[in-house]
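Take a look at the structure below.
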Amino acid sequence: MIKELHIGELQLNNNTVRESIQLVERAIADQGFVAMEEITMHTLFAAEEDEKVADGIQMLDHTVIADNAILQAVNQGSMQRKFEIEDHTFFYELMKRLERNGKRLFLLGESKEKIAERVQLILAKFPKIQIAGTGALEDCIGTDEALVNHINSLSPDAIICLLPSPSQEIFLLEHKEKISANFWYGMGEIDPSEGKPGLMKRLSKWRQRRALEKLIWAK
């Protein structure tokens, strides 16, 4: 299995869940700021259209492939990786460790409603996890500085970013040096194809994969 994928100008990590968790644990132990993000087909297309998204991805410490279509497009699919991605195994293993180690989370999203939905999902699976606070980008008027100050005032250990691309990449680019947390995990929004019926979802993924293959070969 190739550990680094080159798609256009982007370099993506292709690690198993175990390898990714080990990378996170080592990086956090070094007391530095670690930034990770889930990469989907939508993220790659956004990076092709918006240079800031590409810049945001390139400044990440690690990336997590969160879409099987990406691996299929570069002929790197495997049953292990397929199941890990479909079951969101990395996210659950990450949350288990954050819960076990008493880490405090801050959830950053577009709206209070979307954040509340994700908080409920997290607490349903990890009832002992500590939510230090939440913040919605829609509440910011003109500047994000107040939101950054709010995050820092709560001193969270980790930030879970629920913003879609390009918002999450732009926020990280502009505020990485100001954030006092140790860990940033960009989850993005829930894949819009998740709510579609089975056949429609498969067609949507197939079209995306074909588009990505064209993008790869065009480079």
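Take the conditions outside any helix (DSSP H, G or I) and modelled with pLDDT of 95 or more and apply them to Gly133. Does it pass? Quick ask: steps written out before the conclusion?
Details: outside any helix (DSSP H, G or I): yes; modelled with pLDDT of 95 or more: yes.
Yes.
Any residue at all in the range 177-197 that's among the hydrophobic types (A, V, I, L, M, F, W, C), modelled with pLDDT under 90 and part of a loop (DSSP other than H, G, I, E, B)? Outline the logic, then answer.
In the first step, residues of the range 177-197 are kept if they are among the hydrophobic types (A, V, I, L, M, F, W, C); the result is 179, 181, 183-184, 187, 190.
This time we only want the ones that are modelled with pLDDT under 90, so: 190.
Restricting the remaining residues to those that are part of a loop (DSSP other than H, G, I, E, B) gives 190.
Within the range 177-197, one or more residues are among the hydrophobic types (A, V, I, L, M, F, W, C), modelled with pLDDT under 90 and part of a loop (DSSP other than H, G, I, E, B).
Out of the residues in the range 139-154 that are surrounded by 13 or more Cβ atoms within 10 Å (Cβ to Cβ) and in contact (Cβ under 8 Å) with a residue 24 or more places away in the chain, state the one that is farthest from Tyr92 (Cα to Cα).
Here the residue is Asp144.
Has the range 101-114 got at least one residue that is out of contact with any Phe, Trp or Tyr (no Cβ under 6 Å at 6 or more places or on another chain), part of a helix (DSSP H, G or I), surrounded by 19 or more Cβ atoms within 10 Å (Cβ to Cβ) and modelled with pLDDT under 95?
Within the range 101-114, the first condition is being out of contact with any Phe, Trp or Tyr (no Cβ under 6 Å at 6 or more places or on another chain), and the residues that meet it are 101-114.
Adding the requirement that they be part of a helix (DSSP H, G or I) leaves 112-114.
Among the residues that remain, those that are also surrounded by 19 or more Cβ atoms within 10 Å (Cβ to Cβ) are: none.
Looking through the range 101-114, none of the residues is out of contact with any Phe, Trp or Tyr (no Cβ under 6 Å at 6 or more places or on another chain), part of a helix (DSSP H, G or I), surrounded by 19 or more Cβ atoms within 10 Å (Cβ to Cβ) and modelled with pLDDT under 95.
Identify the single condition in (1) crowded, with 18+ Cβ neighbours inside 10 Å; (2) in a helix (DSSP H, G or I) that Tyr92 does not satisfy, given that it satisfies every other one.
Only one criterion in (1) crowded, with 18+ Cβ neighbours inside 10 Å; (2) in a helix (DSSP H, G or I) is unmet by Tyr92, namely (1).
The values are calculated or read from the model by the stated rules, or taken from the named source; none is laboratory data. Owing to the predicted nature of the structure, the values given are computational and were not obtained by experimental measurement. Quick reminder, even Gly has a Cβ in these numbers, built from the backbone with ideal geometry, and neighbours come from all protein chains shown.
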